[in-house]
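Each remark here refers to the structure printed beneath this line.
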Amino acid sequence: MANPTADDVVLHGLAAKVSRRVPTEFDGGVSLTPQPGGKGDLHFILAPDLGDARARSLERYSALSDPQLELYLDDDPPAVVAVPGADSTPEFPVTVAAGAELHLVVTPLTEDRSRVHWQLIAGVEWSGHQAMVTADFETTAETGNLTVRPGGTLGPTPVWELVPHWRGSRFEEPPDPNAPARRDEELAAAAEACQIYRVLSESDPTAYLPNLARALGSLAGKVQRHADVGKLLPDLARTLAELRAVQLRLGDAGAAVQAGLAAHAICRQLAEADPQRHTDGLAAALRGLVEPLVRTGEYEAAWTAGVEALALLRRAGEPTEEQLPGIAGIESNVGLALLRLDRHEEALDAQQRALQIRRQLATADPGHRPDLALSLVNLVDPLLHLGRADEAADAAREASDIYRALAEVDPGEYTGQYAASLTNLGSTLARVGRPAEGLATLEQAASTYRDLAGTHPEHAAHLAITLYNLANGLADEGRTDDAVLVWTEAGELVAPILGAADTFARTQLSAVLDGAAAGLLNAGRTCADEEPARALTLLDGAVQAYRVLTDADGRRRAALADALLLYTVVSASYGLELQRGLAAGDEAIEHYAQLIGDPPDPEQTQAAQAALITYQHLVLILTGLGRDEEAAELRRDLDAATRQSAG
C-alpha cells in the first residue's frame with residue numbers, strides 16, 4: 001500500500017450485518033467517499049440499481065474498470081469477497097484517496113427481493129486517527145440517492161467512536177468498558193481547550209478566535225455523543241450559543257445562524273419540558289438569532305424571532321434593569337429587519353424604542369454611550385424614508401459627536417465607528433440640501449478610512465461605501481472628473497471582496513459597485529462625442545464592474561450587455577480600440593443570446609433590438625480592421641434576418 005496522505009481515508013477492515021428482512025424488492029450498491037480536504041468525514045452514498053432479484057442483480061452488475069477501487073460483500077453473514085471478474089479477494093488495508101470513491105457492492109442476500117436492513121461496519125484511519133464507523137440503513141428497490149453518515153444519522157454531524165487500532169476483513173465490535181470514563185475525560189479536555197482559547201482570544205482575537213470556534217465545535221460534538229447527553233442539553237445550548245457569537249465576530253453569519261438555530265432548537269425543547277426553568281434560555285437563544293439572521297438577509301425570520309424574544313422577556317411585566325440592554329439590542333435589529341422589508345414606520349418605532357432605552361442607560365452609565373450612538377445611526381434611514389430630513393441630520397450629527405469623543409479616548413476601539421458615523425453624517429447632509437458640508441464630511445471619512453485600511457484590510461468595504469457616497473456628491477456638484485476617479489477607486493476596492501461578503505454586506509457592496517458602474521457608464525456616454533478615447537476608458541471600467549456583479553448575480557446580465565454594447569458603438573463610431581471593440585461586441589451578443597433564450601422570449605424585445613444594433617456595429621469594426629469578407633457576410637446575414645422579421 002502506498003503511504004497515504006493526511007487527506008486520504010484508509011480502510012483497515014469492513015463487515016456488514018443483516019439485522020432483518022421484509023419481503024419486498026431491492027438490488028443495489030453503496031459507495032464510500034472520503035471528504036476532500038482532510039475533514040475526516042466518510043460518507044456512505046446509497047445508489048441502488050433497480051434489478052428484479054438477486055440473479056438479475058448479478059446479471060446486471062458491471063464492475064469498475066479498476067477492481068482495486070471496488071469491494072464486494074456476499075455470503076451470509078456478509079464478508080468481503082473478490083469482485084466478479086477480479087483475480088483475487090481485496091487485501092486490507094485499502095487507501096482511498098481524497099476525492100476518489102471506493103465502491104462497496106452489497107447483494108440483497110435473498111431470492112425474493114426482501115427489504116434488507118443493514119448495519120455496515122468499517123474500520124478507518126485518517127490524519128493519524130483510528131475510528132470504527134457504523135451506518136444503519138435500509139435498502140429497497142425504490143430507494144433514491146441517500147447520504148447515510150456514520151452512526152446511522154442523516155444530520156450534518158457524523159458520530160465517531162474512537163477505538164484501538166485494528167485490522168482484518170471480519171471483526172466484531174470490541175467492547176470498551178472504559179468508554180464512559182474516557183468520554184468524560186474527553187469532555188473535560190475539550191472544555192479546558194475552550195477556556196484556554198477564550199483567554200488567548202481576549203488578547204489577540206485575530207489569531208485565536210478561529211481556534212476558539214473550532215474548540216467550541218469540538219466540545220459541542222463531544223457533548224452530543226455523550227451517553228448522558230439528555231442531562232447535558234443546557235450545557236450544549238450554551239456552547240452552541242457561544243459558538244454563534246464567535247462565528248458572528250469572525251464574520252461568518254451563515255455559520256452563526258446554523259449554531260444559533262441548533263441552540264434555539266435545544267432551548268425550545270427544554271422550555272417546553274420545563275417552562276419555569278428554561279423560558280429565559282429560550283428568550284436568550286431567540287435574541288442571539290436576530291442579528292445573524294439580519295446579516296444573512298433572512299429579514300422575516302429575524303423579525304419573527306425578535307418579536308417572540310421580546311414577548312418572552314416582557315411576559316412578567318416591566319423588564320429588569322439587567323434585561324434592558326438586551327431588549328434594546330433586539331429592538332434595534334428588529335428595526336433593521338423591518339427597514340429591509342420596507343416597513344418604514346414600524347422600523348422607526350422599533351429604533352425609537354431602542355434609542356429611548358439606550359439614552360436612559362447612557363445617562364445613568366456613560367459606558368452605554370457606544371450603544372446610544374449606534375441607535376442614533378440606525379434612526380437615520382427610517383427618518384429619511386419618511387421624509388423627516390432635519391431629524392435625520394440631527395441624529396447623524398449627535399452620533400458622530402459621541403463617536404468622536406469616544407475615539408479621542410480610545411482610538412483603537414472607536415476610530416472605525418467614528419469614520420462610519422462621518423460617512424453617515426456626510427451622506428445625510430447631502431440629502432437634506434447641505435452639499436458643501438456633506439462633501440467635506442465625506443472627505444474626512446474617506447481620509448480616516450484610508451488610514452485604517454492600510455493596517456486593517458477589513459475596512460476596505462467601509463472605505464468603498466464612503467467613496468461611493470463621496471463620488472455621488474461630487475457628481476451632483478458638477479465635478480464629474482473628480483467623481484470618475486472616486487467611482488473607479490470604489491469599484492476597484494469592491495471587486496475582490498464582493499464574493500466573500502455575507503448577504504447583508506454584499507447587498508451594500510453590490511449597490512456601491514452597481515452605482516459606480518452606472519456613474520462611469522453615464523460619464524463615458526456624456527463625453528463620447530468630444531473625448532471618445534476617454535469614453536472608452538470609462539466604459540471599460542463600467543464593463544469590469546458589471547462583470548463582477550453578473551458573476552455574483554445573473555440578474556445584472558442585461559446591464560453588462562448594455563455596457564459592452566456602448567463600448568462597441570463608441571469603438572466602431574470613432575475607429576478606436578477596434579480589436580477590443582470586436583471582443584466587446586462578441587461578448588455582448590453572447591449575453592443578449594442568453595437573455596433572449598431559445599426559443600426566443602417574446603418579453604425580451606429590447607434585448608433582441610440591442611443585439612441587432614451590436615451586429616450592425618460589428619460590421620463597421622470588421623470593415624475598419626480590413627476584414628471585408630467577414631463584414632460582407634455578416635451584413636448579408638443581417639439583411640436576411642431583417643427581411644425575415646419584416647415578413
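The values are calculated or read from the model by the stated rules, or taken from the named source; none is laboratory data. Since this is a predicted model, take the numbers as computed values, not measurements. Heads up, the Cβs are rebuilt from the backbone with ideal geometry, glycines too, and the neighbour counts pull from every protein chain shown. Areas reflect the complete protein model, heavy atoms only, side chains present, ligands, DNA and RNA absent. Shrake-Rupley method; radii C 1.70, N 1.55, O 1.52, S 1.80 Å.
Tabulated values for the structure
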{"read-out": "Some residue of the range 315-323 being over 32 Å from the mean Cα position of the chain (by Cα), in contact (Cβ under 8 Å) with a residue 12 or more places away in the chain, loosely packed, with under 15 Cβ neighbours inside 10 Å and closer than 29 Å to Leu286 by Cα", "value": "yes"}
{"read-out": "Residue within the range 223-242 that is touching a Pro at 6+ places or on another chain (Cβ under 7 Å), at pLDDT 90 or above and assigned to a helix (DSSP H, G or I) present", "value": "no"}
{"read-out": "Filter result for Gln224 (open to solvent by 60 Å² or more (accessible area, probe 1.4 Å) and more than 27 Å from Thr503 (Cα to Cα))", "value": "yes"}
{"read-out": "The range 588-613: number of residues that are without any contact (Cβ under 8 Å) to a residue 24 or more places away in the chain, under 32 Å from the mean Cα position of the chain (by Cα) and part of a helix (DSSP H, G or I)", "value": "3"}
{"read-out": "First in the range 491-515 and without any contact (Cβ under 8 Å) to a residue 60 or more places away in the chain, second anywhere and aromatic (Phe, Trp, Tyr), Cβ under 6 Å, 6 or more apart", "value": "Val512/Tyr468; Gly515/Tyr468"}
{"read-out": "Selection status of Asp349, within 28 Å of Pro382 (Cβ to Cβ) and either among the basic types (Lys, Arg) or surrounded by fewer than 17 Cβ atoms within 10 Å (Cβ to Cβ) (or both)", "value": "yes"}
{"read-out": "Condition met for Ser203 (at pLDDT 85 or above, loosely packed, with under 15 Cβ neighbours inside 10 Å and either closer than 27 Å to Ala285 by Cα or not charged (D, E, K, R) (or both))", "value": "yes"}
{"read-out": "Leu622, sole failed condition from (1) assigned to a helix (DSSP H, G or I); (2) open to solvent by 50 Å² or more (accessible area, probe 1.4 Å); (3) touching a helix residue (DSSP H, G or I) at 6+ places or on another chain (Cβ under 8 Å)", "value": "(2)"}
{"read-out": "Filtered residues of the range 259-271 (kept if free of Cβ contacts under 8 Å to residues at least 12 places away in the same chain and surrounded by 17 or more Cβ atoms within 10 Å (Cβ to Cβ))", "value": "Ala271"}
{"read-out": "Positions within the range 262-296 being among the charged types (D, E, K, R) and touching a Leu at 6+ places or on another chain (Cβ under 6 Å), in sequence order", "value": "Arg268"}
{"read-out": "Residue in the range 297-310 that is of a type in the set (A, V, I, L, M), open to solvent by 60 Å² or more (accessible area, probe 1.4 Å), within 17 Å of Ala354 (Cα to Cα) and free of Cβ contacts under 8 Å to residues at least 40 places away in the same chain present", "value": "yes"}
{"read-out": "Of residues in the range 227-244 being surrounded by fewer than 20 Cβ atoms within 10 Å (Cβ to Cβ) and small (Gly, Ala, Ser), the one farthest from the chain's Cα centre (by Cα)", "value": "Ala227"}
{"read-out": "Any hit, the range 434-442, residues being within 22 Å of Leu564 (Cα to Cα) and in a helix (DSSP H, G or I)", "value": "no"}
{"read-out": "Sole residue being within 24 Å of Ser571 (Cα to Cα), surrounded by fewer than 16 Cβ atoms within 10 Å (Cβ to Cβ) and modelled with pLDDT under 90, chosen from Asp639, Asp601, Asp586, Asp628", "value": "Asp639"}
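Listed here are the residues, each with its yes/no results for (1) out of contact with any Gly (no Cβ under 6 Å at 6 or more places or on another chain); (2) free of Cβ contacts under 8 Å to residues at least 40 places away in the same chain; (3) open to solvent by 10 Å² or more (accessible area, probe 1.4 Å).
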{"site": "Leu339", "(1), (2), (3)": "yes, no, yes"}
{"site": "Arg343", "(1), (2), (3)": "yes, yes, yes"}
{"site": "Leu361", "(1), (2), (3)": "yes, yes, yes"}
{"site": "Ala396", "(1), (2), (3)": "yes, yes, no"}
